[in-house]
Amino acid sequence: MPANLTPEYFEAEKKYRAARTIEEKIAALREMLAVMPKHKGTDKLQADIRAKISKLQKLLKEEKKAGGKRRFLYPQREGAGQVSLVGPPNSGKSSVLAALTQAHPIVADYPFSTHTYVPGMMQFEDIQIQIIDLPPFFSGHIYFWQVDIVRNCDLVLLVGDLSTDSVVEDIQAVIEELNERKITLIGTGKRIDDIFGPVAKRTILIANKFDAEGADERLKILREFFGEFPIIPTSTVTMQGLEQLPSIIFKELEIIRVYTKEPGHPPDMTDPLILPIGATVLDAAEKIHKDFARKLKYARLWGSSKFDGQRVERHYILQDKDIVEFHI
Ligand SMILES: Nc1nc2c(ncn2[C@@H]2O[C@H](COP(=O)(O)OP(=O)(O)OP(=O)(O)O)[C@@H](O)[C@H]2O)c(=O)[nH]1
Ligand SMILES: [Mg+2]
């Protein structure tokens, strides 16, 4: 990210990420260009934005030529995080979505059965996390929006198929297709969420069809090849491994839940603020309102502090499940 980008630019970038239609995306990109400081340091970004605009305009033209009735809509972000299901054809991505959420994607015994994205909401304790089923990542069959969804998500579930001897090669092929599109899957280490440049996405490898004959042996090989990822053997037939997935997904999202309370009132335990690990009292206040954060003097805390109701300062680092009472 070049330096000197203004808050207006980041507002426009937020609009771009949240846009659901191609027109909205183009409008947000134009705004990004308009408000961006123009200097040597932003040349590359300007070029990337222009290239994206012309690509989207081309898609828009194709849509219109095709009749323009069924317009493509990007999924709306919902819940505490967005997780995408990625993998070779027929590995069980849609089955995993069906097992984790109330969604009813098409599950079929032939490959390439999924052609659209299907979102579902997974419950983890008191929050919901959005899981998005996608078509397989297979050379020559990859949709532009499928790549955009992966670029924008918070976590990848890479689903492999332990019932086939080619499980390692099939997963490798998916990783390479993503690499060609500047998406690197990482097991640990730092996420990179550049808007157009290379991104690095935290990934959990789901070794699915663990019930199949020979799956044990293949799992061992998988662990040798893809040791950098957390590997969870699952079966959507026996449900093995699936019950632990919500908590593993929550952990890998690296987010915390923070509940708020007003002085003299019980805390609101229904709708926690979702913040990244490492967030402070001030970050929590900002999430509520910028003004509120400015006026914040101190907070009282229930949870991670030494004693209930302890006074903490603005830069106190919050923990999952803390309850905060703001004083302004
Ligand atoms: N034995 C076994 N079969 C499974 C498991 N999970 C899925 N299947 C079967 O594998 C086939 C493919 O499942 P899907 O969920 O449609 O796979 P997909 O990855 O979404 O497939 P595409 O969308 O075509 O890429 C179906 O016949 C499923 O019933 C599993 O854990 N064990
Ligand atoms: Mg599918």
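Rule-based calculations on the coordinates, nothing more; no lab input. As the structure is a prediction and not an experimental result, all values here were calculated from the model. Glycine also receives a Cβ, built like all others from the backbone with ideal geometry; neighbour counts cover every protein chain displayed.
One decimal place: the segment K295-S113 gains 60.1 nm when fully extended, by the rule 0.36 nm per residue minus the C-alpha distance.
Of all DSSP beta bridges in the chain, what percent run antiparallel (nearest 5)? Don't skip to the answer; put the middle values down first.
Working: 24 of 48 bridges.
Close to 50 percent.
Considering amide H positions built from the backbone, and no H for Pro or chain starts, which residues 5 or more places from L185, or on another chain, come under 5 Å of its amide H? Correct list: K201.
Rule-of-thumb check for the range 1-151: C-alpha Rg over 2.2 N^0.38 Å? Write out the running numbers ahead of the final one.
Values: Rg = 17.8 Å, N = 151, 2.2 N^0.38 = 14.8 Å.
Working it through for the range 1-151, the quotient is 1.20.
Where both residues lie in the range 58-207, what percent of DSSP beta bridges are antiparallel, nearest 5? List each step's numbers first, then the result.
Details: 10 of 26 bridges.
Taking every DSSP beta bridge with both residues in the range 58-207, the antiparallel ones total about 40 percent.
The label point for D194 and the one for E243, both projected 7 Å from the Cα toward the Cβ, are 4.4 nm apart.
Calculated translational diffusion coefficient of the range 7-65 (10 °C, 1.306 mPa s; Stokes-Einstein with Kirkwood radius over alpha-carbon pairs) equals 135 µm²/s. Counting every Cα pair in the chain, what percent are over 27 Å apart? Summing the P(r) of the chain above 27 Å gives 53 percent of all pairs. For K58, the lysines whose Cα comes closer than 20 Å to its Cα, not counting residues fewer than 8 places off in the same chain, are K25, K69.
In order along the range 151-160, the Karplus-derived 3J(HN,Hα) couplings, from 6.51 cos²θ - 1.76 cosθ + 1.60 at θ = phi - 60°, round to 4, 8, 7, 8, 7, 10, 9, 8, 9, x Hz, and Gly and Pro are given as x.
Whole-Hz Karplus values for the range 164-180 come out as 10, 5, 8, 3, 5, 4, 5, 5, 4, 4, 5, 4, 5, 4, 5, 4, 4 Hz, taken residue by residue from phi with 6.51 cos²θ - 1.76 cosθ + 1.60 and θ = phi - 60°; glycine and proline positions read x. The Cα center of the range 122-146 and the Cα center of the range 213-271 differ in position by 16 Å. Once the gyration tensor of the Cα atoms in the range 82-253 is diagonalised, the equivalent ellipsoid follows with semi-axes of 21, 19, 17 Å, ordered largest first. Each residue of the range 311-327 was assigned a 3J(HN,Hα) from its phi angle through the Karplus curve 6.51 cos²θ - 1.76 cosθ + 1.60 (θ = phi - 60°); the sequence is 7, 10, 8, 4, 9, 4, 8, 7, 10, 4, 6, 5, 10, 10, 10, 7, 10 Hz, with glycine and proline shown as x. Distant-in-sequence amide contacts of T234, defined by a placed amide H-H separation under 5 Å and a gap of 5 or more residues or a different chain, comprise A207, N208, K209, F210.
Taking neighbour counts of Cβ atoms within 10 Å as a proxy for exposure, in what order, fewest first, do S247, S163 appear? Write out the running numbers ahead of the final one.
Values: S247 11, S163 18.
Starting with the residue having the fewest Cβ neighbours, the order is S247, S163.
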